[in-house]
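See structure below.
The values are calculated or read from the model by the stated rules, or taken from the named source; none is laboratory data. For clarity, every value in this text was computed on a predicted model and none was experimentally measured. Here the Cβ is made from the backbone with ideal geometry for all residues, glycine too, and neighbour counts use every protein chain on show. Accessible surface areas use protein heavy atoms only, side chains included; no ligands, DNA or RNA. Shrake-Rupley method; radii C 1.70, N 1.55, O 1.52, S 1.80 Å.
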Amino acid sequence: MIVTKTIARTRQVIGQARTEGKTIGCVPTMGGLHEGHLALIRRCRDECDFAVVTVFVNPTQFAPTEDLESYPHTFEADRAACEKIGVDLIFAPADDQMYPGENLSWVNVEKISAHLCGGSRPHFFRGVCTVVAKLFNIIAPDIAYFGQKDAQQLAVIRRMVADLNFPVEIRSCPTVRESDGLALSSRNAYLDPDQRRQAVCLNQALQHAQQLVESGVTKSTDIIAAMKGIIDKQSLGRIDYISIVDNDLLQPIERIDRPAIIAVAVHFGSARLIDNIVIEPAVRKS
Ligand code: AMP
């Protein structure tokens with residue numbers, strides 16, 4: 001496994017793989033790798049000839065008040081995990097490789113970025129899209145892998161790739177969870193034992209929402225109120241949002257009468273946790 005720090009060397013290594021006729025797969029990450037990341041990485045290795053993992057904590061997607069400084073850095077463990085899986089290349093640039101000066105060029109995906117996490121983190125998707133566009137231009141992957149855990153990010157990236165004609169196929173992987181249902185996240189490391197116990201309420205609220213939809217409840221406000229009731233029972237959680245949006249442009253919908261995403265974000269101490277489920281309403285026979 002090769003580890004590169006510079007764009008020039010990365011292009012050289014990948015250029016070589018490409019001249020050997022290999023397909024290039026890429027998994028962008030911010031490090032702190034857990035089983036959720038590793039599932040994406042294994043799939044990339046299985047489906048592509050040359051698997052690239054990027055490890056870069058992207059400063060432009062953090063607001064000044066957010067956790068850039070405390071974000072987990074576990075590079076040696078990440079490197080060992082990638083090596084064990086059979087990754088071909090880790091690209092782990094320093095900030096000044098990716099942003100050598102003031103960055104004046106940004107990629108914005110309108111509308112899809114507006115709600116959910118984009119509502120509470122206004123510059124977040126601008127930072128995500130810009131860094132992913134830069135990584136795609138550096139690596140030129142044939143296929144790139146993203147987690148359904150970050151459903152809005154996935155939708156925004158898919159749209160960016162379509163609108164800007166990036167020659168890359170986006171593949172998504174299901175959310176990997178702890179045995180009690182909590183979605184794996186690098187930010188789970190911030191939780192103390194009480195917060196960790198209570199954090200399972202995100203998944204419980206989503207499971208309850210799914211049951212409500214299956215039992216015929218479609219009105220978004222009813223489903224959201226029931227979810228809020230479950231999360232509010234946990235004394236340490238502070239809800240950021242609970243939203244029901246369509247599965248295309250991620251706009252809020254009043255009723256679940258088409259494919260939808262139910263998404264939730266809750267603060268536990270310094271950790272802001274997100275989770276979601278995709279709902280495919282049953283086609284009703286007339
Ligand atoms: P991050 O390092 O948090 O930027 O995440 C890198 C990639 O891993 C993104 O595509 C995430 O959606 C994905 N990911 C993070 N957590 C999970 C999880 N629990 N299950 C599946 N994919 C995940």
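Of the peptides 185-194, 165-174, the ranking by mean beta-carbon count within 10 Å, highest at the top, reads 185-194, 165-174.
Per residue, the accessible area of the range 1-44 comes to 45 Å², computed with a 1.4 Å probe over protein heavy atoms only. Summing Cβ point charges (Lys, Arg +1; Asp, Glu -1) relative to the Cα centre of the chain gives a dipole of roughly 320 debye.
Taking 0.36 nm per residue of separation and subtracting the Cα-Cα distance, what length does fully extending Leu68 through Arg9 add? Write down the numbers at each step before the final one.
On the way: separation 59, 0.36 × 59 = 21.24 nm, distance 2.66 nm.
Once the chain is fully extended between Leu68 and Arg9, it gains 18.6 nm.
Anisotropy class assigned to the range 93-158 is oblate, per the alpha carbon gyration tensor with a/c at or over the 1.5 cut-off and a/b no larger than b/c. Pairs from the list Lys134/Lys228; Lys22/Lys111; Lys22/Lys84; Lys149/Lys228 with a Cα-Cα gap above 28 Å: Lys134/Lys228; Lys22/Lys111.
Backbone geometry of the range 200-210 corresponds, through the Karplus equation with coefficients 6.51, -1.76 and 1.60 at θ = phi - 60°, to 3J(HN,Hα) couplings of 5, 5, 4, 5, 4, 5, 5, 5, 5, 4, 4 Hz, x marking Gly and Pro.
Modelled spin-label separation between Asp46 and Thr19, with each label point placed 7 Å from Cα along the Cα-to-Cβ direction: 3.3 nm.
Could you rank Val3, Val128 by how accessible they are, 1.4 Å probe, largest area first?
Values: Val3 45, Val128 5 Å².
Sorted by accessible area, descending: Val3, Val128.
I'd like the FRET efficiency for Asp180 and Ala114, computed as 1/(1 + (r/R0)^6) with the beta carbon distance as r and R0 of 30 Å, rounded to 0.05. It would help to have the intermediate numbers written out before the result.
Working: r = 33 Å, r/R0 = 1.09.
Computed FRET efficiency for Asp180 and Ala114: 0.40.
Within the full protein context, the accessible area of Lys22 is estimated at about 70 Å² for a probe radius of 1.4 Å. Heavy atoms of the protein chains alone define the surface here; on that basis the range 244-286 has 51 Å² accessible area per residue at 1.4 Å probe size. Each label point was placed 7 Å from the Cα along the Cα-to-Cβ direction; for Trp106 and Met1 their separation is 3.5 nm.
Summed over qualifying helices (DSSP H, 4 residues or more, each -39500 (n - 2.57)) and divided by its residue number, the chain shows a 222 nm mean residue ellipticity of -11500 deg cm²/dmol. Rg and Dmax of the chain, both derived from C-alpha coordinates alone, stand at 19.4, 61 Å.
Can you pull the percent of the range 144-286's accessible area that's carbon plus sulfur, 1.4 Å probe, other chains left in place?
On the way: 3400 of 6990 Å².
Taking all protein chains in place, the range 144-286 shows 49 percent carbon and sulfur surface.
Tell me whether the range 195-260 comes out rounded, prolate or oblate; compute the Cα gyration tensor, take square roots of the eigenvalues as a ≥ b ≥ c, and use a/c under 1.5 as the rounded threshold. Taking the square roots of the gyration eigenvalues as a ≥ b ≥ c, the range 195-260 is prolate.
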